[in-house]
Amino acid sequence: MKIRANTQWGTLVLTLAMGLGLAAQTSAPVPRQAVAPKRTTPALVVMIVIDQFRGDYVQLYGKQWTKGLHRIFTNGAYFPLGAYPYSGTVTCAGHTTIGTGAYPRTHGMIGNAWFDRESKKSTACTADATVNSVPFGGLPGVEHHGPKWLQTTTFADELRIQSATAPRIASFSLKARSSIGMVGHAGDLVVWEEDSGTWATSSAFAGSARPDVDAYAKAHAVYAQYGRVWDRLMPVSAYLFNDDGVGEVKNDGGAITFPHPQTRPEGKPDQTFALNWERSPFADEALADMAITFSEGFGKGAGTDMLAVSFSALDFVGHRYGPKSHEVQDVLARLDLQLGKLFDTLDRRLGAANYVVALSADHGIAPIPEQITAIGLDAGRLTAASVHTRITDAFKPFATDATSPIASGNGSDIYFTPAAMAILRSTPAARHAVTDAALTAPGIARAYWGDDLAMASAGDDAIKRAAILSYSPGRSADLQLILKQYWMVSSTGTTHGTPYAYDQRVPVALMGFGIRPGQYLTSASPADLAPTLALLTGIILPRAEGRPLTEAVVR
Ligand SMILES: [Zn+2]
C-alpha cells in the first residue's frame, strides 16, 4: 500500500499503474503534464467542496464542462455512487464530514444550527460568543465564528499534529461553517464572507487581519462589483430544461430569467446587493481568485500543505431557482472555468502529479415540489406550526400546566422543555399520543425519539441508520421527524436536509498525486476523502468513520 515513488523503481511502478488504470477503466486522455511524482507525499492537498452539487449533475450537465470539472471527472478517480449515509444533509454537517472523515454523531456538527439546552437558544454550528470578527479590507465585522462545537479533529488538524514540518493551511468559502468545517481548529488563513459583503476571519484563528489579505480585500471589494450583469455563459440551446421553471424564486429585486443585473433600485449597493451577489457566479470567481492568490508558495516545502475551497454560490442559487434551472447550469459552467484556472495554476507551480485534489459536495437538493405535483406525483410543503400544534394538543391531557411543551422546533427537530420531557419519559401514553399526533401532520413519514436512537441498531433500515449517524446525545432534538419524500419545511423554492438520495448523493472524486484515474462503481462517501488523503500523506486519523478509497490509490 505504501507509495514507493521515492526510488527509481517505485516511480516506474507508479507510472505503469497509472497507465494501466487509464487503459483499463476509461478512454479519457492522459492527464496533461502526467509526470510521476518525485515525492513520497503530496506537496499540496487541495480540498474542493461544491455546495449543493448533487450527484447526478455530472451525468446531466457534464457535457457543458470543458475545463476543471471536466478534467477531474474524466482524468481523475470518480465515484459516481458517492453518498452521505446520514439524515441531516446540510452544509455544516457535510463540510465537517469531509474535513474529519467522521459522521455527525462523532464530529458533533449535526446541523447548521441547533437548540442549545444550556443557553436555551438556537445556536449556529460555528457560534462562539467568546471570539470576535477579524474583518479584512477596512469594513466592519460583526459575526462570531469559531470551531468550539467541533468534537473531533480534522485531517488538517492531524496534519499539523503529525507532520515533521509545519504545514501551511488555508480555507476559503462564503460561509463560515464551510470554511471552518473543512480545516477545523486552526489554519494560517481561514476566511469567510459575512452577510454584509465583508471578508473576515475571527480571533479563533488570527489575532489581527493579515496585511496582504487586508490589502487584497480593499482592492477587490464586493461592493465594487456593483453593476455587473450575470448573463448566460453559453448559447441558450446548450442549457437543458426551461429558464422559467415552475416554482422558481427570483433574487430580491431581480428576475426569474436571464439576464440578472447586479443592481438595486436605489442605484447603489446595499446589503441586499451583497446577498444577491452571493447568489451569483461572481462570488465563486472571488473565491477562486483568493485561493489562487493566497496559495502562492504552498507546496514548495518538504511537507504537505493544504488548500481548501468551498464554492457556495451553487447552494444560494439552487435554493431559489432549483436543480433544473438555467441558473444552476450556468453557475456550474462558470465554476468549471474557475477550477480550470486553479488547476492550471497549480500545474505550473507544482507539476500536475505533485498535488492531490479531493472534490465532493456537502449535500444535494430536492426538486422544487411544485415541479413534482405538476406531473401528478406526491410532494409538498408543510409548516412547522402545523406539526407543533398537533404535538401541543396531543400533550395537553398529560400536561401539568398551560405552558407549551415545545422549547424549540423547526417542524422536524423538536426539543421539549425539561418538564415536558420528564412526563414524556415517565408516561408511555403521553409519548404515544405525541408520536401519533406528529405522524398525522401532512408530509411526516417517521418519528424517532432521541433516547431510542442513542441505543438503537438500525438493521437493514437505511433511514433509521441515517438518523442514528446524525444523532448526537445532548445536542440532537428529543423528537426527530423524517419528512416524506419530496416534502419540505420551506415555503418557497427548494431545500435539502433529508435522508433521501436526492439530498445524500454527491460526487466523490480525487485527482493527481497517488491517484489511479478511472470511474469506480464501488460505494463511497464524502467521509472517505479524509482517510484517503491521510493514507497518501502518511497521517493517522484517530476517529475517522470513512474508509480510504484504496481502489483509487496507486500501490
Ligand atoms: Zn443549502
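The values are calculated or read from the model by the stated rules, or taken from the named source; none is laboratory data. Predicted, not measured: the structure shown is a model, and the values here were computed from it. Cβ atoms come from the backbone with ideal geometry, glycine included; neighbour counts cover every protein chain shown. With ligands, DNA and RNA removed, areas are computed over all heavy atoms of the protein, side chains included. Shrake-Rupley method; radii C 1.70, N 1.55, O 1.52, S 1.80 Å.
The table below gives the values:
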{"item": "Restricting the stretch 490-529 to residues that are among the small types (Gly, Ala, Ser) and in a loop (DSSP other than H, G, I, E, B), the residue that is surrounded by the fewest Cβ atoms within 10 Å (Cβ to Cβ)", "result": "Ser491"}
{"item": "Residues within the stretch 147-184 that are farther than 10 Å from Thr96 by Cβ and of a type in the set (Ser, Thr, Tyr), tallied", "result": "6"}
{"item": "Qualifying positions in the stretch 60-113 - assigned to a helix (DSSP H, G or I), more than 16 Å from the ligand (Cβ to nearest atom), of a type in the set (S, T, N, Q) and touching an Asp or Glu at 6+ places or on another chain (Cβ under 9 Å)", "result": "Gln64, Thr100, Thr106"}
{"item": "The stretch 231-276, subset in contact with a Pro (Cβ under 9 Å, 6 or more places away or on another chain) and not hydroxyl-bearing (Ser, Thr, Tyr), residue surrounded by the fewest Cβ atoms within 10 Å (Cβ to Cβ)", "result": "Asp231"}
{"item": "Verdict on Leu483 being at pLDDT 95 or above, hydrophobic (A, V, I, L, M, F, W, C) and away from the ligand (no atom under 16 Å from the Cβ)", "result": "no"}
{"item": "Hey, Ala477 more than 29 Å from Phe73 (Cβ to Cβ), open to solvent by less than 20 Å² (accessible area, probe 1.4 Å), more than 16 Å from the ligand (Cβ to nearest atom) and in contact (Cβ under 8 Å) with a residue 60 or more places away in the chain or not", "result": "yes"}
{"item": "Residues (more than 11 Å from the ligand (Cβ to nearest atom) and open to solvent by 10 Å² or more (accessible area, probe 1.4 Å)) located in the stretch 312-325", "result": "Lys324"}
{"item": "Residues being closer than 12 Å to Arg390 by Cβ and either of a type in the set (Lys, Arg) or in contact with a Leu (Cβ under 9 Å, 6 or more places away or on another chain) (or both) - total across the stretch 406-421", "result": "3"}
{"item": "Filtered residues of the stretch 114-125 (kept if assigned to a loop (DSSP other than H, G, I, E, B) and touching a residue at least 60 places away in the same chain (Cβ under 8 Å))", "result": "Arg117, Lys120"}
{"item": "Residue match in the stretch 393-411 (condition: out of contact with any helix residue (DSSP H, G or I) (no Cβ under 6 Å at 6 or more places or on another chain), in contact (Cβ under 8 Å) with a residue 60 or more places away in the chain, closer than 25 Å to Pro85 by Cβ and open to solvent by less than 70 Å² (accessible area, probe 1.4 Å))", "result": "no"}
{"item": "Residue count for the stretch 37-57, restricted to those that are open to solvent by less than 20 Å² (accessible area, probe 1.4 Å) and farther than 30 Å from Leu159 by Cα", "result": "1"}
{"item": "Cβ-Cβ under 8 Å pairs, at least 6 apart or on other chains, the stretch 368-390 side exposed (fewer than 15 other Cβ atoms within 10 Å of the Cβ), far side of a type in the set (D, E, K, R)", "result": "Asp378/Lys484"}
{"item": "Some residue of the stretch 203-219 being open to solvent by 10 Å² or more (accessible area, probe 1.4 Å), within 28 Å of Pro259 (Cβ to Cβ) and at pLDDT below 95", "result": "no"}
{"item": "Filter result (assigned to a loop (DSSP other than H, G, I, E, B), touching a strand residue (DSSP E or B) at 6+ places or on another chain (Cβ under 8 Å) and of a type in the set (Val, Ile, Thr)) within the stretch 134-191", "result": "Val142"}
{"item": "Given (1) modelled with pLDDT of 95 or more; (2) open to solvent by 30 Å² or more (accessible area, probe 1.4 Å); (3) under 28 Å from Asp413 (Cα atoms); (4) not in a helix (DSSP H, G or I), number of the condition Gly459 does not satisfy", "result": "(1)"}
{"item": "Search result, residues across the stretch 508-524 that are touching an Asp or Glu at 6+ places or on another chain (Cβ under 9 Å) and either on the phi < 0 side of the Ramachandran plot or of a type in the set (Val, Ile, Thr) (or both)", "result": "Val508, Arg516, Tyr520, Thr522"}
{"item": "Selection within the stretch 462-480 - assigned to a helix (DSSP H, G or I) and of a type in the set (Gly, Ala, Ser)", "result": "Ala462, Ala466, Ala467"}
{"item": "The stretch 351-367: number of residues that are within 16 Å of the ligand (Cβ to nearest atom) and either touching a strand residue (DSSP E or B) at 6+ places or on another chain (Cβ under 7 Å) or free of Cβ contacts under 8 Å to residues at least 12 places away in the same chain (or both)", "result": "5"}
{"item": "Residues being within 16 Å of the ligand (Cβ to nearest atom), farther than 24 Å from Ala467 by Cα and of a type outside the set (Ser, Thr, Tyr) - total across the stretch 490-543", "result": "1"}
{"item": "Qualifying residue in the stretch 150-161 (condition: touching an Asp or Glu at 6+ places or on another chain (Cβ under 8 Å), open to solvent by 20 Å² or more (accessible area, probe 1.4 Å) and farther than 18 Å from Pro473 by Cβ)", "result": "no"}
{"item": "Tyr448 aromatic (Phe, Trp, Tyr) and within 21 Å of the chain's Cα centre (by Cα)", "result": "no"}
{"item": "Residue among Arg279, Arg334, Arg348 that is free of Cβ contacts under 8 Å to residues at least 40 places away in the same chain and either crowded, with 24+ Cβ neighbours inside 10 Å or more than 16 Å from the ligand (Cβ to nearest atom) (or both)", "result": "Arg348"}
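Okay, residues lined up against (1) over 23 Å from Gln59 (Cβ atoms); (2) modelled with pLDDT under 95; (3) assigned to a loop (DSSP other than H, G, I, E, B):
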{"position": "Arg334", "(1), (2), (3)": "no, no, no"}
{"position": "Leu337", "(1), (2), (3)": "no, no, no"}
{"position": "Ala366", "(1), (2), (3)": "no, no, yes"}
{"position": "Arg390", "(1), (2), (3)": "yes, no, no"}
